[in-house]
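The values are calculated or read from the model by the stated rules, or taken from the named source; none is laboratory data. These numbers were taken from a predicted model, which means no experiment stands behind them. Don't worry about glycine lacking a Cβ; one is built from the backbone with ideal geometry, like all the others, and counts go over all protein chains shown. What goes into the accessible areas is simple: the full protein's heavy atoms, side chains included, and nothing from ligands, DNA or RNA. Shrake-Rupley method; radii C 1.70, N 1.55, O 1.52, S 1.80 Å.
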Amino acid sequence: MRQIAIIGAGASGLFLSRLLREHSDVEIHLFDRCKQVGTKLRASGGGKANIFNTSVTPDCYNHPDFAAQILSQVTPERLGQTFDSFGLEMCADEEGRVYPLSEFSQTVVDVLWNPEHPRIHPVMEYEITHVWHEDGRWHLNNYPTAFDTLVLASGTPANMIPKNRKLYNSYLSDLQLDIHPWTPSLVGFKIKDYPTSLAGCRVKAVASLYQNNHLIHSEFGEITFKDDGISGIVILNLSAYYNRLDDKQNCRIALNFLYSRDTFDVAAHLQRHGSLQGVLHPKLHALYARQPFDIRNMELIIEEPYDLTFAQVCHGGIDVKEVDAHLAIKKHPSLYAMGEILDMDGVCGGYNLFFAFATAIIVAQSILGQND
Ligand SMILES: Cc1cc2nc3c(=O)[nH]c(=O)nc-3n(C[C@H](O)[C@H](O)[C@H](O)COP(=O)(O)OP(=O)(O)OC[C@H]3O[C@@H](n4cnc5c(N)ncnc54)[C@H](O)[C@@H]3O)c2cc1C
């Protein structure tokens, strides 16, 4: 019987354990520092879990070439078929975002997880702090079993409060891998000289990220004005593109509140009605009345992204050059890395869970000797 250890019972770890448990020659030990499995999976999509997108493209990720390599092995269709084989009914919205039909993330955890399964050994509330390879097997802390294969699936500290982040993934230093520092992604921005009177306002706009005068990315969606900055899905997506910049100086966001009215004449409206009261959200109108601004191009200078506590994912992690096409660490073929612990992050819309599940399929194939 081959002994497999998976560090992390999150989205990718649970999916891998579900794929492997059908095979009678493996025994799976699934370790997690938390009491319950699938903490982030359950929190995903506001508790609904947007598990993938029907149209995943490489440019949704920070390393498009690596994403293309993953997509050449696992397509959204294939992932959907795999979930279907687990008995999960799904539905997609008009933007291709796929959810469990129950619209409840726990349903996804339930089809993946069976702690009573004879080949699964859950080891909960057990934090791995040391790993080493000796006599051809992997050892973890002082755990009594030694393993033929070790899978790193312990994610990132995104969305965690600072005290829980302390020493996160400290065991990685034992492996001497090239690791990029974690920075928050899919997160809002603190804004310089922020107009605090807008706090609480939610409006739709086209949001464009510029560095100096160069347009980096532009998207339409709802913006939420917070106490000291802005958020909302469209802003979270801009943060993913912001993270891809080596130098982050002189970045700003321009908001166009008249996205649907190209020919609307602001000056003529003001001349006729004396104000923009009938045009803008009341808080925007009040600000305009005090301090007029270009409502097609409201400029907000980025101070910094919000802290990791507010991020959905992290930019950074194990350099993708450390792994081969089957996600085995090149210098340790019996060691794999999958999911967010790899330096891969995608935009909002099911791309990050797709990556977690797709990489688990690739690792399962490799462990079972079923590489295409
Ligand atoms: C609020 C929120 C909403 C999101 N919504 C979506 C969405 O709708 N769609 C989408 O695609 N993505 C979404 N994401 C992102 C998505 O949840 C993650 O990308 C995904 O869960 C990553 O899966 P993973 O298996 O790599 O890591 P995780 O799911 O984070 O699992 C890692 C596990 O490892 C455990 N662990 C860590 N270190 C150790 C250790 N040393 N020893 C033992 N155990 C350890 C952790 O406790 C955790 O359970 C969201 C994220 C957040 C925070």
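Say whether the condition of being in contact (Cβ under 8 Å) with a residue 60 or more places away in the chain, out of contact with any Leu (no Cβ under 7 Å at 6 or more places or on another chain), closer than 23 Å to L172 by Cα and surrounded by fewer than 24 Cβ atoms within 10 Å (Cβ to Cβ) is met by at least one residue in the stretch 309-318.
yes
Looking at G229, G221, G200, can you tell me which residue is within 16 Å of the ligand (Cβ to nearest atom), of a type outside the set (K, R) and in contact (Cβ under 8 Å) with a residue 12 or more places away in the chain?
On the way: G229 fails: within 16 Å of the ligand (Cβ to nearest atom); G200 fails: within 16 Å of the ligand (Cβ to nearest atom).
Selected residue: G221, the only one of G229, G221, G200 that is within 16 Å of the ligand (Cβ to nearest atom), of a type outside the set (K, R) and in contact (Cβ under 8 Å) with a residue 12 or more places away in the chain.
So, in the stretch 136-188, of the ones that are part of a helix (DSSP H, G or I) and under 30 Å from F225 (Cα atoms), which residue ends up least open to solvent (accessible area, probe 1.4 Å)?
Of all residues in the stretch 136-188, those part of a helix (DSSP H, G or I) come to 162-165, 170-175.
Next, only the ones that are under 30 Å from F225 (Cα atoms) stay: 162-165.
On the way: P162: 80, K163: 157, N164: 64, R165: 46 Å².
Looking at the filtered set, the residue picked out is R165.
Taking the condition in a loop (DSSP other than H, G, I, E, B), closer than 30 Å to S173 by Cβ and among the basic types (K, R), does K40 pass?
Working: in a loop (DSSP other than H, G, I, E, B): no; closer than 30 Å to S173 by Cβ: yes; among the basic types (K, R): yes.
Taking the combined requirement at face value, the residue does not satisfy it.
In the stretch 71-106, which residue that is in a helix (DSSP H, G or I) and more than 15 Å from T54 (Cα to Cα) is most open to solvent (accessible area, probe 1.4 Å)? Break it down into steps so the answer makes sense when it comes.
The first filter runs over the stretch 71-106 and keeps only residues in a helix (DSSP H, G or I), leaving 71, 76-85, 105-106.
Retained after the next criterion (residues that are more than 15 Å from T54 (Cα to Cα)): 85, 105-106.
Working: S85: 84, S105: 5, Q106: 60 Å².
Out of the qualifying residues, it is S85.
Looking only at the stretch 46-63, count how many residues are more than 8 Å from the ligand (Cβ to nearest atom) and open to solvent by 10 Å² or more (accessible area, probe 1.4 Å).
The number of residues fulfilling the criteria is 10.
Mind listing whichever residues of the stretch 83-108 are within 14 Å of the ligand (Cβ to nearest atom) and at positive phi?
Correct list: G96, E103.
Only one of A5, A68 is assigned to a strand (DSSP E or B), more than 10 Å from the ligand (Cβ to nearest atom) and closer than 22 Å to V323 by Cβ. Can you tell me which?
On the way: A68 fails: assigned to a strand (DSSP E or B).
None of the other options fit; the residue is A5.
Spot the failing condition for D227; the list is (1) in a strand (DSSP E or B); (2) surrounded by fewer than 16 Cβ atoms within 10 Å (Cβ to Cβ); (3) in contact with a helix residue (DSSP H, G or I) (Cβ under 7 Å, 6 or more places away or on another chain), and only one is missed.
Among (1) in a strand (DSSP E or B); (2) surrounded by fewer than 16 Cβ atoms within 10 Å (Cβ to Cβ); (3) in contact with a helix residue (DSSP H, G or I) (Cβ under 7 Å, 6 or more places away or on another chain), the lone unmet condition for D227 is (1).
Taking into account only those residues within the stretch 264-286 that are in contact with a strand residue (DSSP E or B) (Cβ under 9 Å, 6 or more places away or on another chain) and hydrophobic (A, V, I, L, M, F, W, C), which is most open to solvent (accessible area, probe 1.4 Å)? Break it down into steps so the answer makes sense when it comes.
Going through the stretch 264-286, the residues in contact with a strand residue (DSSP E or B) (Cβ under 9 Å, 6 or more places away or on another chain) turn out to be 280-281, 283-284.
From the residues that got through so far, the ones that are hydrophobic (A, V, I, L, M, F, W, C) too are 280, 284.
Details: L280: 19, L284: 2 Å².
Looking at the filtered set, the residue picked out is L280.
One line per residue, one yes/no per condition, for (1) near the ligand (Cβ under 9 Å from one of its atoms); (2) more than 27 Å from the chain's Cα centre (by Cα):
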position	(1), (2)
D110	no, no
H130	no, no
Y143	no, yes
T149	no, no
S154	yes, no
A158	yes, no
I161	no, no
N169	yes, no
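Within the stretch 30-52, does at least one residue satisfy the condition of being farther than 23 Å from G346 by Cβ and acidic (D, E)?
The answer is yes, given that some residue of the stretch 30-52 is farther than 23 Å from G346 by Cβ and acidic (D, E).
Quick one: which of L215, L255, L245, L238 is open to solvent by 60 Å² or more (accessible area, probe 1.4 Å), aliphatic (A, V, I, L, M) and in contact with a strand residue (DSSP E or B) (Cβ under 8 Å, 6 or more places away or on another chain)? Please lay out each step first, then the result.
Values: L255 fails: open to solvent by 60 Å² or more (accessible area, probe 1.4 Å); L245 fails: open to solvent by 60 Å² or more (accessible area, probe 1.4 Å); L238 fails: open to solvent by 60 Å² or more (accessible area, probe 1.4 Å).
That would be L215, the only listed residue that is open to solvent by 60 Å² or more (accessible area, probe 1.4 Å), aliphatic (A, V, I, L, M) and in contact with a strand residue (DSSP E or B) (Cβ under 8 Å, 6 or more places away or on another chain).
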